[in-house]
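Colleague: Got a structure for you, questions after.
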Amino acid sequence: MNLHPEVVVNGVSYQWPKKPTVLICIDGGDPEYLQQLLSEGVVPHIAQFIQTGFSTIADGTMPSFTCPNNMSIITGTPASKHGISGNFYLDTNTWEPVVMTGPELLRGDTILAKFADAGAKVVSITAKDKLRKQLSKSLDISRGNISFSSEFASKCTLADNGIENVEELVGMPEPSIYSMELSLFVLKAGIELLKREKPDLMYLSLTDRVQHKYAPGEIEATRFYQQLDACFGELDRLGAVVGLTADHGMSDKSDAQGKPNVIWLQDILDQKLGKADVQVVCPITDAYVGHHGALGGFIRVWCRGRATPSKVIEAIAGIDGIEQVLDKESICKLFDLPRDREGDVAVIARKDVCIGTSAVNHDLSGLEGHRLRTHGGTSEAKVPIIFNRPLNEKYRAKAGVSTLKSYQLMDYALNGLDLSGEGL
């Protein structure tokens, strides 16, 4: 008798984890970092996973921001299904941006919650608390499941998070929000909980502070990835199935003098179309913009007054640094986005360029001393997928005929790995 039937989530059947399964989202984990580090031979555990397991470059969810991609991974669906297409969208009833990090805005079920409902022990740990509530939507903490962020590690309670005394467990104080330790805390907590709780399914989501500041090959980036690699190796040593991916890549968007290469689109459109006729929204904006100044490679424009999508597109056409300008129907069709949360026009920047609203609305003081590195466009939408186990025959064939989507991570982790011969 099968005590653990398959769990169906958003139309996909998932097998029960045969071993503790730990899935890690390396925020800002551009494939270029791995290429550099692997060539230098300084991440031996990742190298071993690639050699004996499986690795590929997958398509992430557009826009290439943190929230849409994490939600795609934990629901196993594109943004058109789960509804989270940025950190903000514009409510045209009030013309005010609406924060998209609340669980009530997430459509469909999460794989984490559905497995927990079926009796699995589930752990979800994030770096920033902005993701925690969406990741733990409908996750019943009272049944022994755990959900917390390293940002608020000192404030965890059994009632709200399923755990307390997290700093004591990890042996680290609550980290600063702008530190590499914020991510390392997540991984070290995951290691300790794997030892103590032996969860069936664990999701660990990091933060991209390091990648925003340091390019591949810089000392701090290398040091960070070496520490990540050591944690991945420890999870592997403890017997877990380990899956790695990223929410987005990261690109240098500064000019030859080191200044941010920015198109101030609200200023341009105000000049061409008239003030108050359009509203430009940067959906990368969240509570912590010190490392990117709310500048990214993808923005949305809503039409007001006399402006129309065709007039906006015409006004933007020909601006150096713009890669694509698309109306609502085209952007939703091309990137599988939810129509009701999309702007009238979407604008995507070239790899070396970012887009802002008005120059007076962006505080770039936090970038002093560093080149601007940020994300959001198609140039940051390629992400790695790596497992420490090989694929089974069925999924080898599946991976061979199409490019993986990062939202298939859990499908491949639970349904697609070859664990034969491991004494299960």
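Every number here is computed from the coordinates shown, using simple stated rules; none is lab data. Fair warning: this is a prediction, and the values are worked out from it, not measured in the lab. Counting neighbours? That spans all protein chains shown, and the Cβs are built from the backbone with ideal geometry, glycine included.
Colleague: Among all the aspartates and glutamates, which ones have a C-alpha under 12 Å from K253's C-alpha, if same-chain residues fewer than 8 places away are not counted?
Modeller: Output for K253: D352, E380.
Colleague: Which value in nm describes the separation of the simple spin-label points at D140 and T56, placed 7 Å from the Cα toward the beta carbon?
Modeller: 3.5
Colleague: Can you work out the Karplus-derived ³J(HN,Hα) for every residue in the stretch 72-85? Use 6.51 cos²θ - 1.76 cosθ + 1.60 with θ = phi - 60°, whole Hz, and x for glycine or proline.
Modeller: Using θ = phi - 60°, the values come out as 4, 5, 7, 9, x, 9, x, 4, 4, 8, 8, x, 9, 10 Hz.
Colleague: Quick check on the stretch 196-253: what does the Kirkwood estimate of hydrodynamic radius come out to from the alpha carbon pairs, in Å?
Modeller: 13.3
Colleague: Find how much the distance from E218 to D267 grows on full extension, using 0.36 nm per residue of separation minus their present alpha carbon separation; answer in nm with one decimal.
Modeller: Gain on extension, E218 to D267, equals 14.1 nm.
Colleague: Here is a follow-up. Rounded to the nearest 500 deg cm²/dmol, what is the calculated helix-only ellipticity per residue at 222 nm for the chain, with -39500 (n - 2.57) per DSSP H run of length n ≥ 4?
Modeller: Mean residue ellipticity at 222 nm (helix-derived): -8500 deg cm²/dmol.
Colleague: May I ask which of K137/K198; K128/K328; K351/K405; K81/K133; K272/K328; K114/K188 have a Cα-Cα span longer than 24 Å here?
Modeller: Among K137/K198; K128/K328; K351/K405; K81/K133; K272/K328; K114/K188, the Cα-Cα distance tops 24 Å for K128/K328; K114/K188.
Colleague: Okay, next question. Go through 78-84, 97-103, 344-350 and give me the packing order, highest mean Cβ count within 10 Å leading.
Modeller: Details: 78-84: 21.9, 97-103: 16.6, 344-350: 24.7.
Those peptides, ordered most packed to least, come out 344-350, 78-84, 97-103.
Colleague: Then there's this: What is the extension gain from E104 to L419, computed as 0.36 nm multiplied by their sequence separation minus the C-alpha to C-alpha distance, in nm to one decimal?
Modeller: Separation in residues times 0.36 nm, less the Cα-Cα distance, equals 109.7 nm.
Colleague: For the stretch 63-104, build the convex hull from the C-alpha positions and give me its volume per residue in Å³.
Modeller: Taking the convex hull of the Cα positions in the stretch 63-104, it is 77 Å³ per residue.
Colleague: Stretch T92-S358 to full length: gain in nm at 0.36 nm per residue minus the Cα-Cα span?
Modeller: That pair, T92 and S358, stretches by 93.8 nm at full extension.
Colleague: Give the separation of the Cα centroids, the stretch 328-368 to the stretch 174-233, in Å.
Modeller: 28
Colleague: Take the Cα gyration tensor of the stretch 192-340, multiply each eigenvalue by 5, square-root it, and list the three semi-axes largest first, rounded to whole angstrom.
Modeller: Semi-axes, largest first: 40, 20, 13 Å.
Colleague: Another question, then. Using modelled backbone amide H atoms (1.01 Å from N, in-plane), which distant-in-sequence or interchain residues come within less than 5 Å of R373's amide H?
Modeller: K253
Colleague: Once you put a point 7 Å from the Cα of S13 and another 7 Å from the Cα of S154, both along the Cβ direction, what distance in nm separates them?
Modeller: Rounded to a tenth, the inter-label distance reads 5.0 nm.
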